[in-house]
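Take a look at the structure below.
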Amino acid sequence: MLDAAKYTPRLKTQYRDTIRAALKEEFGYKNDMQIPRLDKIVLNMGVGEAVKDTKKVKQAADELSLIAGQKAVITKAKNSIAGFRVREDMPLGTKVTLRGDRMYEFLDRLINIALPRVRDFRGVKGTAFDGRGNYAMGLKEHIVFPEINFDKVDEVLGMDIIICTNAKTDAEAKSLLKHFNMPFTS
């Protein structure tokens, strides 16, 4: 078992030792506090089948907790929508927000293990930034993560991954993620 006090994630060490200096030189920052850094990573799973069977949300929350390494929260409907058979406070999905060491560990597993396991993977779209330095991507199958036992999965679910940075522009955020070896296509 690793001693938590002595262990720092590989990407966090890489950021501290090499990426910060490279970004400072690339963008000509005068102050170290201007250098972009990761703020948080939000994982979200919407479970459309939850309208018929609420047990599916619980199973999705358990699987997302395995992927993230911390407990997932079940999200509930804010409004009733008769056309979709949704009632207020009905569980519809699950989410988790990662910060600190868990965030760096997840990003490492996403880039080096999960994305290469995606079928016909050619890279992630380099234009999915929101204009404020945050990157959003989706996965069609959550089973690409090694924590999920493929034999025990009843239904393959998709998930959204939002990587939030404190970068002011998309170019700064893209450069930060490129230094983390995010496989952009363009």
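Collect the residues in the range 129-152 that are part of a loop (DSSP other than H, G, I, E, B) and open to solvent by 30 Å² or more (accessible area, probe 1.4 Å), keeping them in residue-number order.
Result: Asp130, Gly131, Arg132, Asn134, Lys140, Glu141, Pro146, Glu147, Asn149.
Here are the criteria: (1) at pLDDT 90 or above; (2) closer than 22 Å to Val57 by Cβ. Tell me which single one Thr169 does not satisfy.
Single failed check for Thr169: (2).
Just to be sure I understand the filter: pairs with C-beta atoms under 8 Å, separated by 6 or more residues or on different chains, first member in the range 131-144 and touching a residue at least 40 places away in the same chain (Cβ under 8 Å), second member part of a loop (DSSP other than H, G, I, E, B) and open to solvent by 50 Å² or more (accessible area, probe 1.4 Å). Which pairs pass?
Between residues of the range 131-144 that are touching a residue at least 40 places away in the same chain (Cβ under 8 Å) and residues that are part of a loop (DSSP other than H, G, I, E, B) and open to solvent by 50 Å² or more (accessible area, probe 1.4 Å), the close pairs are Gly133/Asn166; Gly133/Lys168; Gly133/Thr169; His142/Val156.
Quick check on my filter: what residues within the range 75-112 are of a type in the set (Val, Ile, Thr) and modelled with pLDDT of 90 or more?
Selection gives Thr94, Val96, Thr97, Ile111.
Do you know which of the residues in the range 22-40 that are open to solvent by less than 60 Å² (accessible area, probe 1.4 Å) and outside any loop (DSSP other than H, G, I, E, B) is nearest to Ala72 (Cα to Cα)?
Lys40
Of the residues that make up the range 48-62, is at least one open to solvent by less than 20 Å² (accessible area, probe 1.4 Å), assigned to a loop (DSSP other than H, G, I, E, B) and out of contact with any Ser or Thr (no Cβ under 9 Å at 6 or more places or on another chain)?
No, the conditions are met nowhere in the range 48-62.
So if I check each of Ser65, Ser80, which one is under 18 Å from Leu157 (Cβ atoms), open to solvent by less than 80 Å² (accessible area, probe 1.4 Å) and among the small types (Gly, Ala, Ser)?
Ser65
Return yes when Leu43 is modelled with pLDDT of 90 or more, aliphatic (A, V, I, L, M), buried (at least 20 other Cβ atoms within 10 Å of the Cβ) and part of a helix (DSSP H, G or I) and no when it is not.
The answer is no for Leu43.
Can you tell me which residue within the range 153-165, out of those that are at pLDDT 90 or above and open to solvent by 30 Å² or more (accessible area, probe 1.4 Å), is nearest to the chain's Cα centre (by Cα)?
My answer is Ile162.
Check the range 104-116 and report whether any residue there is part of a loop (DSSP other than H, G, I, E, B) and within 20 Å of the chain's Cα centre (by Cα).
no
Counting only residues that are out of contact with any helix residue (DSSP H, G or I) (no Cβ under 7 Å at 6 or more places or on another chain) and part of a loop (DSSP other than H, G, I, E, B), which one in the range 159-186 is nearest to Leu107 (Cα to Cα)?
If we take residues in the range 159-186 being out of contact with any helix residue (DSSP H, G or I) (no Cβ under 7 Å at 6 or more places or on another chain) and part of a loop (DSSP other than H, G, I, E, B), then Asn166 is nearest to Leu107 (Cα to Cα).
The values are calculated or read from the model by the stated rules, or taken from the named source; none is laboratory data. All values reported here derive from a predicted model rather than from experimental measurement. We place every Cβ from the backbone using ideal geometry, glycine too, and count neighbours over all the protein chains shown. The accessibility values were calculated without ligands, DNA or RNA, using every heavy atom of the protein model including side chains. Shrake-Rupley method; radii C 1.70, N 1.55, O 1.52, S 1.80 Å.
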